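Encoded as structure tokens, the structure appears first; notes follow it.
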Amino acid sequence: MARTSQDVTEAELALLQALWDNGPATIRQLAEGVYGDAGASTYATVQKLLERLEAKQCVSRDRTGSVHAFRAALDRDALIGRRLRAVADSLCGGSVAPLLTHLVEREGLTDKELSELRALVKKLDRPR
């Protein structure tokens, strides 16, 4: 699958997950939290990854203080939707049904997940 400018790499995803889980953070906080290191090379790597995420409009930067703070501008559900749509487009001709079928039949569902899926189908089945 060809990579688009909106794709999020695994390294970028690690930073997004830290922001989703912990809220706004500085480059140093992210370097320490994600990599356990705030050395110069790690700091530079995190800074570059954040610049890329900012260009993709996945993070925003608060420039008001002397140290910039970053926050996720894209929520987890939006990224999940984006990635699943890309998989459906590339592997299933745009249809999500094969993805859902595979997950349900091959991977199985817990009782809780099955209950949630039933509630979702019931909600979607209501007249609009």
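Observations on the structure shown:
- Evaluated with a Cβ-only charge set (Lys, Arg +1; Asp, Glu -1), region 18-128 carries a dipole of roughly 420 debye about its Cα centre, given to the nearest 20.
- Put simply, when 29-40, 55-66 are sorted by average Cβ atoms within 10 angstrom per residue, most first, you get 29-40, 55-66.
- Label separation (V87 vs A44): 3.6 nm, computed from points 7 Å beyond Cα along the C-beta direction.
- Dipole size of region 62-105 about its Cα centre, with +1 on Lys/Arg Cβ and -1 on Asp/Glu Cβ: approximately 200 debye, rounded to the nearest 20.
- Centroid-to-centroid separation of region 12-42 and region 90-107 [C-alpha atoms, Å]: 33 Å
- Burial order of peptide ranges 10-17, 75-82, 107-114, 45-52 (average beta-carbon count within 10 Å, highest first): 45-52, 10-17, 75-82, 107-114
- Acute angle (nearest 10 degrees) that the helix 10-22 long axis makes with the longest principal axis of the chain, alpha-carbon atoms: 90 degrees
- Excluding same-chain neighbours fewer than eight residues apart, the aspartates and glutamates reachable from K56 by a Cα-Cα span under 18 Å are D7, E10, E12, D75, D77.
- Bridging of K122 to lysines at a Cα separation below 28 Å is possible for K112, once same-chain residues fewer than 8 apart are set aside.
- Share of pairwise Cα separations in region 38-119, more than 20 Å, in percent: 58 percent
- Between the residues Q17, S115, S41, the greatest Cα displacement towards the positive end of the dipole of the chain, with unit charges on the Cβ of Lys, Arg, Asp and Glu, is found for S115.
All of the numbers you see were taken from the coordinates with simple rules; none came from a lab. Just so it is clear, the structure is predicted and the values come from calculations on it, not from any experiment. Ideal geometry is used to build each Cβ from the backbone, glycine not excepted, and the neighbour counts take in all protein chains shown.
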